[in-house]
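Down below is the structure, laid out as C-alpha cells.
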Amino acid sequence: MYKILRKQTLNEQVKLMEIEAPLIAKKAKAGQFIILRVHENGERIPLTISDYDAAKGTITIIFQEVGKTTMLLGTLEEGDSLQDFVGPLGKASHFPEDIKKAAIIGGGLGTAIAYPQAKELHRLGVEVTSIAGFRNKDLVLLEKELHEVSDKVIITTDDGSNGNKGFVTDALKNEIESGENFDLVIAIGPLIMMKFVSQLTKQYGIKTIVSMNSIMIDGTGMCGGCRVTVAGETKFACVDGPDFDGHEVDFDQAMRRQGMYKEPESEACNLFKGVE
Ligand SMILES: Cc1cc2nc3c(=O)[nH]c(=O)nc-3n(C[C@H](O)[C@H](O)[C@H](O)COP(=O)(O)OP(=O)(O)OC[C@H]3O[C@@H](n4cnc5c(N)ncnc54)[C@H](O)[C@@H]3O)c2cc1C
Ligand code: FES
C-alpha cells in the first residue's frame, strides 16, 4: 500500500498528492510516469511524476479530475493509501547536449507535466522561458514554481482574465519573432495544442518535443493500447515515449484514438457522480 503523505488543492479541478514510494523515488527521472490503482478493482491510470525526492522517498503527482478514476482519487485524504503505484515507467526525457535556450510550453494541466522538464533544463544550466496557457486566471497552476526554474515566465489565458489574452502559440510566436533563438521547444498539453505548437516551430526549424498522453493499459509495451504513429512508424507511448519529436507525430490519428472510449467513460463518470 502506498500512503498519501500530503494533499493540496491547486485549483477547482486539480490536486497534488505526495505519495510514499521510496523505491520509485530512488530511480525516478524527469519525463517518466507511474501507473496507479486506487483500489483492488479499480482501473489503472497513468500520471506523470511531477516531482520526486529520493531522500524522503516520495513521489509527487498532480492530477486533473476529468473522469471516474481521477475523481475517486481526489476523494482520498492524507493518511489514506493507494492499492498500487507502479513505476518509474517510460523513457526519461533526453535533451540534446548543445541546448542553450529552451521554451517550455504547458497547456492547462500539461503545465504540471512540463514543470519537471523546466526544472531539469534549469538544473543543466539552460536558459528557460516557460509559457503556460489556461482557460482563465482561476485555473493558473504552478506559477511560483515555474518562476523558480525559469528565466522568464509568460502566463496566457484564453479569456484574458489575467491580462495576457491569447493562446500559448501566440506567445511563442511573439518570442520567436522578437528575436529569441530557441534551440528546443517542449510542448505538453492537449493534443490539439501540441499539434499547433509543432506546426509553428516546424516553420522556424526549431526542434520540438511533445509528450503523448495516449490511452494506456499495461504500460509495458504489451497491450498495444497506447500506439502512436511517429514518422510513419508505429510506436508505443509507454515504452518508446512518452516524449516524441512533435514534427513527426500523427496528431490527427492520436486525437481520433483518444476519443475511442468517450461513451463508456462518460457513463462510468455519471454513475460515480450519481447522475442519471
Ligand atoms: C504518460 C501519461 C501521463 C499522464 N500524466 C497525467 C498527469 O500528470 N496528470 C493528469 O491529470 N493526467 C495525466 N494523464 C492523463 C490521465 O491518465 C487521464 O486523465 C486519466 O487516465 C483519466 O482517467 P479517468 O477515469 O478519471 O477519466 P476517463 O473517464 O478515462 O476520461 C475522462 C475524460 O478525459 C479524457 N482522457 C482520458 N484519458 C486521457 C489521457 N490519457 N489524456 C488526455 N485526456 C484523457 C477522456 O477523453 C475523457 O474526455 C497522463 C496520461 C499519460 C498517458
Ligand atoms: S500501454 Fe500497453 S502498450 Fe503501451
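Identify all residues within segment 243-260 that are within 9 Å of ligand 1 (Cβ to nearest atom) and surrounded by 13 or more Cβ atoms within 10 Å (Cβ to Cβ); write none if there are none.
Of the residues in segment 243-260, the ones within 9 Å of ligand 1 (Cβ to nearest atom) are 258-260.
Matches in segment 243-260: Q258 only.
Return yes when I105 is in contact (Cβ under 8 Å) with a residue 60 or more places away in the chain, touching a Cys at 6+ places or on another chain (Cβ under 9 Å) and either away from ligand 1 (no atom under 13 Å from the Cβ) or assigned to a strand (DSSP E or B) (or both) and no when it is not.
Working: in contact (Cβ under 8 Å) with a residue 60 or more places away in the chain: yes; touching a Cys at 6+ places or on another chain (Cβ under 9 Å): no; either away from ligand 1 (no atom under 13 Å from the Cβ) or assigned to a strand (DSSP E or B) (or both): yes.
No; evaluated as a whole, the condition is false for this residue.
Quick one: which helices (runs of 4 or more DSSP H) lie wholly within segment 134-231 and hold at least 2 residues that are of a type in the set (D, E) and within 16 Å of G106 (Cβ to Cβ)? Explain how you work it out, then say what you get.
On the way: elements: 143-149, 168-177, 191-204.
Ranges flagged: 143-149, 168-177.
Counting just the residues of segment 108-131 that are of a type in the set (A, V, I, L, M, F, W, C) and assigned to a helix (DSSP H, G or I), which one comes out most open to solvent (accessible area, probe 1.4 Å)? Lay out the reasoning, then the answer.
Pass one, segment 108-131, residues of a type in the set (A, V, I, L, M, F, W, C): 109, 112-114, 118, 121, 124, 126, 128, 131.
Imposing the further condition that a residue be assigned to a helix (DSSP H, G or I) reduces the set to 112-114, 118, 121.
Details: A112: 4, I113: 40, A114: 4, A118: 0, L121: 1 Å².
Filtering first and then ranking leaves I113.
Here are some residues: F95, F167, F85, F134. Which one is open to solvent by 70 Å² or more (accessible area, probe 1.4 Å) and either on the phi < 0 side of the Ramachandran plot or at pLDDT 95 or above (or both)?
Working: F95 fails: open to solvent by 70 Å² or more (accessible area, probe 1.4 Å); F85 fails: open to solvent by 70 Å² or more (accessible area, probe 1.4 Å); F134 fails: open to solvent by 70 Å² or more (accessible area, probe 1.4 Å).
None of the others qualify; the one that does is F167.
Applying the selection to segment 51-82, what residues are part of a strand (DSSP E or B) and either open to solvent by less than 40 Å² (accessible area, probe 1.4 Å) or hydroxyl-bearing (S, T, Y) (or both)?
Within segment 51-82, Y52, T58, I59, T60, I61, I62, F63, S81, L82 qualify.
Restrict the check to segment 147-163 and report whether at least one residue is under 21 Å from A28 (Cβ atoms) and either without any contact (Cβ under 8 Å) to a residue 40 or more places away in the chain or within 15 Å of ligand 1 (Cβ to nearest atom) (or both). Break it down stepwise before answering.
Our first condition is that a residue be under 21 Å from A28 (Cβ atoms); within segment 147-163, this holds for 148-149.
Retained after the next criterion (residues that are either without any contact (Cβ under 8 Å) to a residue 40 or more places away in the chain or within 15 Å of ligand 1 (Cβ to nearest atom) (or both)): 148-149.
There is at least one residue in segment 147-163 that is under 21 Å from A28 (Cβ atoms) and either without any contact (Cβ under 8 Å) to a residue 40 or more places away in the chain or within 15 Å of ligand 1 (Cβ to nearest atom) (or both).
Just checking, how many residues over segment 66-90 are out of contact with any Asp or Glu (no Cβ under 8 Å at 6 or more places or on another chain), more than 14 Å from ligand 1 (Cβ to nearest atom) and of a type in the set (S, T, N, Q)?
Number satisfying all stated conditions: 1.
For segment 217-251, give me each residue that is more than 12 Å from ligand 2 (Cβ to nearest atom) and touching a residue at least 24 places away in the same chain (Cβ under 8 Å).
T229, D243, F244, D245, G246, H247, V249, F251
Which of (1) of a type outside the set (S, T, Y); (2) under 19 Å from G107 (Cβ atoms); (3) open to solvent by less than 10 Å² (accessible area, probe 1.4 Å) is the odd one out, the single condition I35 does not satisfy?
(2)
Would you point out the residue of segment 212-242, among those that are under 18 Å from the mean Cα position of the chain (by Cα), open to solvent by 30 Å² or more (accessible area, probe 1.4 Å) and more than 10 Å from ligand 1 (Cβ to nearest atom), that is farthest from L184 (Cα to Cα)?
I217
The values are calculated or read from the model by the stated rules, or taken from the named source; none is laboratory data. The structure presented is a predicted model; accordingly, all values stated were derived computationally and were not measured. Because the Cβ atoms are built from the backbone with ideal geometry, glycine has one as well, and the counts that use them run over all protein chains shown. Just so you know, the surface numbers come from the protein's heavy atoms only, side chains and all, with ligands and any DNA or RNA stripped out. Shrake-Rupley method; radii C 1.70, N 1.55, O 1.52, S 1.80 Å.
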